[in-house]
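Reviewing the structure listed below.
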Amino acid sequence: MAIEAATNPVIQIDNLSRTYGPDEATVHALRGISLSINSQEMVALMGPSGSGKTTLMNILGLFDRATGGLYRLNGQDMTHLSRRQQASYRGRHIAFVFQGIHLLPRLSALANVELPMSYARTPSAQRRRSALRALELLGIAHLKDRYPGQMSGGQAQRVAIARAIAPGPDLLLADEPTGALDRKSGTLVLQAFQELHETTGVSIVIVTHDPLVGQHAKRIVSLEDGQIVGDDPVRDRLVAFSHSRGGQS
Ligand code: ADP
Ligand code: MG
């Protein structure tokens with residue numbers, strides 16, 4: 001009988017592929033990639049425009065489905081879930097941070113962070129507790145009563161991250177989270193990610209072109225033309241720079 005290792009990866013993908021379009025004009029967005037990401041890992045996903053980053057994130061986030069191969073999240077097969085099951089699993093286990101910060105302008109930081117948990121019908125005391133803790137983790141508890149219009153871009157982005165992690169996801173997916181921020185705010189946000197994965201154990205995957213990320217992620221996965229062309233631990237800043245590439249996401 002096989003014994004499952006105690007440290008099951010949070011993400012396990014094996015020979016994953018995604019094609020778009022009909023036979024004669026098939027686009028191979030992902031060409032059989034394999035990757036495993038553990039709890040408490042923070043991985044930067046880099047690669048030129050068109051290399052498949054968004055496709056991979058959409059599959060990991062259960063917004064899309066692979067054409068072939070295996071995707072396991074917390075050891076559970078995700079490849080055969082119905083749309084409804086995908087949505088339910090996504091709501092319970094996955095959080096997202098996007099480049100545009102979509103905070104509701106008429107709600108305080110605290111209310112913004114609580115909102116997804118009210119949709120999920122989390123009891124109000126627990127909601128409040130989780131929201132305050134998330135704001136604390138991101139170093140912005142003192143901003144809880146501020147409205148989005150009264151914050152800097154970096155502060156607002158940290159509120160958005162607090163909102164994402166407050167429900168206690170296993171996996172946090174971030175697409176260019178520092179793309180719209182100046183260098184100082186970007187650094188603060190990356191430091192927040194770094195503390196988060198260390199203190200909460202959430203696995204983080206960040207799509208980025210930002211060489212700064214290399215200073216904070218301990219692992220950089222490089223995609224090119226739908227294939228993984230590099231999967232390296234980051235040792236120092238120079239390594240990070242040699243893996244960064246230009247281009248749009
Ligand atoms: P990236 O995010 O790295 O820029 P994408 O994952 O968006 O790359 O795209 C990977 C490849 O798949 C590209 O060649 C892109 O044109 C193609 N692609 C992405 N989405 C679609 C789609 N809905 N229909 C057809 N082709 C697509
Ligand atoms: Mg993209």
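Structure values in brief
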read-out: So Val229, is it under 17 Å from the mean Cα position of the chain (by Cα) and modelled with pLDDT of 85 or more; value: no
read-out: Close pairs (6 angstrom Cβ cut-off, 6 or more residues apart or separate chains): within 7 Å of Ile206 (Cα to Cα) and among the small types (Gly, Ala, Ser) in the stretch 166-179, open to solvent by less than 10 Å² (accessible area, probe 1.4 Å) and modelled with pLDDT under 90 anywhere; value: Ala174/Val97
read-out: Qualifying positions in the stretch 50-76 - away from ligand 2 (no atom under 16 Å from the Cβ), crowded, with 17+ Cβ neighbours inside 10 Å and of a type in the set (D, E, K, R); value: Arg72
read-out: Residue ranges of strands (runs of 3 or more DSSP E) in the stretch 1-77 with at least 3 members of a type in the set (Phe, Trp, Tyr); value: none
read-out: Residue satisfying condition, being outside any loop (DSSP other than H, G, I, E, B) and either crowded, with 19+ Cβ neighbours inside 10 Å or touching a residue at least 40 places away in the same chain (Cβ under 8 Å) (or both), within set Gly230, Gly186; value: Gly186
read-out: First in the stretch 23-49 and closer than 20 Å to His209 by Cα and away from ligand 2 (no atom under 16 Å from the Cβ), second anywhere and outside any strand (DSSP E or B) and among the aromatic types (Phe, Trp, Tyr), Cβ under 9 Å, 6 or more apart; value: Met42/Phe193
read-out: Qualifying residues in the stretch 133-151 (those that are modelled with pLDDT under 90 and not in a helix (DSSP H, G or I)) - the one most open to solvent (accessible area, probe 1.4 Å); value: Gly139
read-out: Long-range neighbours under 9 Å by Cβ, at least six apart or interchain, first residue in contact (Cβ under 8 Å) with a residue 12 or more places away in the chain within the stretch 126-152, second among the acidic types (Asp, Glu) and assigned to a helix (DSSP H, G or I); value: Arg127/Glu114; Arg128/Glu114; Ser130/Glu114; Ala131/Glu114; Leu137/Glu195; Leu138/Glu195; Gly139/Glu195
read-out: Members of the stretch 77-95 that are of a type in the set (A, V, I, L, M, F, W, C) and surrounded by fewer than 17 Cβ atoms within 10 Å (Cβ to Cβ); value: Ala87
read-out: Of all residues in the stretch 200-217 being assigned to a loop (DSSP other than H, G, I, E, B) and within 16 Å of ligand 1 (Cβ to nearest atom), the one that is modelled with the highest pLDDT; value: Thr208
read-out: Count of the stretch 168-177 residues which are modelled with pLDDT under 90, assigned to a loop (DSSP other than H, G, I, E, B) and open to solvent by 10 Å² or more (accessible area, probe 1.4 Å); value: 2
read-out: Tally of residues being hydroxyl-bearing (Ser, Thr, Tyr) and in a helix (DSSP H, G or I) across the stretch 100-124; value: 3
read-out: Criterion: over 26 Å from Pro211 (Cα atoms) and touching a His at 6+ places or on another chain (Cβ under 6 Å) - qualifying residue of Thr67, Thr19; value: Thr19
read-out: Qualifying residue in the stretch 99-108 (condition: within 28 Å of Leu143 (Cα to Cα), open to solvent by less than 20 Å² (accessible area, probe 1.4 Å) and at pLDDT below 90); value: no
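To keep it simple, each residue is scored yes or no on (1) aliphatic (A, V, I, L, M); (2) more than 9 Å from ligand 1 (Cβ to nearest atom); (3) in contact with an Asp or Glu (Cβ under 7 Å, 6 or more places away or on another chain).
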site	(1), (2), (3)
Val10	yes, yes, yes
Leu16	yes, yes, no
Pro22	no, yes, no
Arg31	no, yes, no
Ser36	no, yes, no
Gly61	no, yes, no
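The values are calculated or read from the model by the stated rules, or taken from the named source; none is laboratory data. Since we're looking at a predicted model, the values are computed, not measured. Glycine also receives a Cβ, built like all others from the backbone with ideal geometry; neighbour counts cover every protein chain displayed. Heavy atoms of the whole protein, side chains included, go into the accessibility calculation; ligands, DNA and RNA do not. Shrake-Rupley method; radii C 1.70, N 1.55, O 1.52, S 1.80 Å.
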